[in-house]
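Engineer: Handing you this structure, nothing more for now.
The values are calculated or read from the model by the stated rules, or taken from the named source; none is laboratory data. This one's a predicted model, so the numbers in the text were calculated from it and none came from an experiment. Neighbour counts are summed over all protein chains in view; Cβ atoms, including those assigned to glycine, are modelled from backbone coordinates with ideal geometry. Accessible surface is based on the protein model in full, side chains and every heavy atom, while ligands, DNA and RNA are left aside. Shrake-Rupley method; radii C 1.70, N 1.55, O 1.52, S 1.80 Å.
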Amino acid sequence: MFNLVLNSPRGTFDIYGNEIKYRDFIINTVRDLFDIFNFEEIITPAFEYTEVFSKSIGVSTDIVQKEMYTFPDRKGRSLTLRPEGTASVVRSAVEKKMLSSGSLPVRLFYIGNMFRYERPQKGRTREFWQIGVESLGSGEPMLDAEIMWLLDEIFFKLGFKNLELNINCIGCTSCKESFTSRFKKYIGPFAGDLCTDCKRRLKENPLRIFDCKVSQCLEKASGGPKITSFLCTECEDHFEKVKFFLKSLSIKYKISDELVRGFDYYTGTIFEMTSKELESAQNALGGGGRYNKLLKEFGGPDMPAIGFAIGLDRTIMLMKELRIEYKQKKGRIKVYFISTKRPDDLYSLKILKILRDAGISCETNYGTKNIGNGVKKAGKKGFKLAAIIGSEEIKTRTVSVKDLNKFKQYNFNQAQLVKKIMELTGAK
Ligand code: AMP
């Protein structure tokens, strides 16, 4: 016997009951849209060699500095639970040589759990689920617009109305370099007012100051030069086209100068879908951008790419807060099965098999043989029909079926049972 009370680890949660219904609704909705936009699923391991994340996300980012679940395996190799999905997809696309010219751009989506050692709070946990897409091998600005169109469409189809699509362009390596040197000059004199993390960021990677959750640091950073003023002609032209395509698609967006996103691999267009209803530190439901150098950094071809990730749990949380209902898939017929003659009532078992063979979902009233209690249980569990079998039904080879909404009861012959249930539910 062990007497420990075991809780799930801090920052993790169990998903069951109602949450599963929201989750299924979201996943069904996105899968349908991924099909329409023609993205194929990829499933990568939940852990990778640590370098997959540290090199791509960037050694000076918060994720790599303090949030990764990193551990040696039994042979001493350093492994990390994935904190995000893009690096693994890129690793896989390069390793599995998916990037042959005939198949470009490769369009992939994933649904997976991610792990970050963060301070747990509302909308922020240590294990969470993301739905992401990656399009590898095209640099066309129309693709940027198409990817944001997909993001916008997902939230529209889920029933959200007042979300904000924030976009920015952080340029190519040379734009980033010229901005960084100017920004460093600007922020240097404020070094004393910055938090300890930002003092380090100032030395290692000043752009990361924009990720800081301390409002004073963010205010100082936002008051400085804007990255969009440092774009080269090519990046500026690309961004103008992206905005033009978004307008042509009637997608509303807001230019957000402070948006930099927390990973080093981003280049060019970046974006985030936010909600005013969420606290500012956790107000993003999803985000992404271009990462035009990452494939090459992974030893793959020098090809541009773009993607985004949506937080599944945060989306569920906001749906509940805004009272956005999940729509259930047109389900199968469900019948609650009440037999008063168990345990050795083979007639009931036979009927149960007939119904299930016909694709009707059945649950049996284990635990009670009382019809009244069985009917109550059926109602509580959301069943609209109950099939009742007692001595009389066994004798006459029939089944009584109770319509729990209309409070009507019928008696059907065994041979006609499936057909009659279909008629009752309007399925035929
Ligand atoms: P990121 O990969 O940081 O751009 O995150 C993309 C989305 O994942 C965010 O907009 C959130 O919805 C979600 N997300 C990120 N981190 C967490 C977390 N710690 N807990 C819950 N959701 C998260």
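Engineer: Those residues that are more than 14 Å from the ligand (Cβ to nearest atom) and part of a loop (DSSP other than H, G, I, E, B), I need them from the range 280-297; list them, please.
Structural biologist: 292, 293 - these are the residues of the range 280-297 that are more than 14 Å from the ligand (Cβ to nearest atom) and part of a loop (DSSP other than H, G, I, E, B).
Engineer: Is it the case that the range 81-96 has a residue that's surrounded by fewer than 18 Cβ atoms within 10 Å (Cβ to Cβ) and away from the ligand (no atom under 16 Å from the Cβ)?
Structural biologist: Yes, because at least one residue in the range 81-96 is surrounded by fewer than 18 Cβ atoms within 10 Å (Cβ to Cβ) and away from the ligand (no atom under 16 Å from the Cβ).
Engineer: Only residues that are among the aliphatic types (A, V, I, L, M) and crowded, with 22+ Cβ neighbours inside 10 Å: list them for the range 261-283, please.
Structural biologist: 270, 273
Engineer: Now for a different question. Run down 7, 18 and say which single residue is free of Cβ contacts under 8 Å to residues at least 40 places away in the same chain and within 25 Å of residue 117 (Cβ to Cβ).
Structural biologist: 7
Engineer: Have a look at 394, 371 and point out the one that is in contact with a Phe, Trp or Tyr (Cβ under 9 Å, 6 or more places away or on another chain), surrounded by 15 or more Cβ atoms within 10 Å (Cβ to Cβ), at pLDDT below 95 and within 18 Å of residue 339 (Cβ to Cβ).
Structural biologist: Being in contact with a Phe, Trp or Tyr (Cβ under 9 Å, 6 or more places away or on another chain), surrounded by 15 or more Cβ atoms within 10 Å (Cβ to Cβ), at pLDDT below 95 and within 18 Å of residue 339 (Cβ to Cβ) holds for just one of 394, 371, which is 394.
Engineer: Of a type in the set (Ser, Thr, Tyr), touching a Ser or Thr at 6+ places or on another chain (Cβ under 7 Å) and surrounded by 12 or more Cβ atoms within 10 Å (Cβ to Cβ) - does that describe any residue in the range 51-62?
Structural biologist: So far as the range 51-62 goes, no, none of its residues is of a type in the set (Ser, Thr, Tyr), touching a Ser or Thr at 6+ places or on another chain (Cβ under 7 Å) and surrounded by 12 or more Cβ atoms within 10 Å (Cβ to Cβ).
Engineer: If you go through the range 233-248 one residue at a time, do you hit one that is in contact (Cβ under 8 Å) with a residue 60 or more places away in the chain, crowded, with 17+ Cβ neighbours inside 10 Å, out of contact with any Asp or Glu (no Cβ under 8 Å at 6 or more places or on another chain) and assigned to a loop (DSSP other than H, G, I, E, B)?
Structural biologist: The answer is no, given that none of the residues of the range 233-248 is in contact (Cβ under 8 Å) with a residue 60 or more places away in the chain, crowded, with 17+ Cβ neighbours inside 10 Å, out of contact with any Asp or Glu (no Cβ under 8 Å at 6 or more places or on another chain) and assigned to a loop (DSSP other than H, G, I, E, B).
Engineer: If we keep just the residues of the range 298-311 that are open to solvent by less than 10 Å² (accessible area, probe 1.4 Å) and under 18 Å from residue 106 (Cβ atoms), which is farthest from the ligand (Cβ to nearest atom)?
Structural biologist: Within the range 298-311, the match that is farthest from the ligand (Cβ to nearest atom) is 305.
Engineer: Also, I was wondering about something else. Of all residues in the range 116-136, which are within 9 Å of the ligand (Cβ to nearest atom) and of a type in the set (Phe, Trp, Tyr)?
Structural biologist: 128, 129
Engineer: Among the numbered conditions (1) under 22 Å from residue 26 (Cβ atoms); (2) surrounded by 15 or more Cβ atoms within 10 Å (Cβ to Cβ), tell me where residue 329 comes up short.
Structural biologist: Here residue 329 meets the rest and fails (2).
Engineer: Next up: I need a count of the residues in the range 249-263 that are among the β-branched types (Val, Ile, Thr) and either in a helix (DSSP H, G or I) or in contact with a helix residue (DSSP H, G or I) (Cβ under 7 Å, 6 or more places away or on another chain) (or both).
Structural biologist: Number satisfying all stated conditions: 2.
Engineer: For the range 177-233, which positions are over 28 Å from residue 118 (Cα atoms) and charged (D, E, K, R)?
Structural biologist: 177, 182, 185, 226
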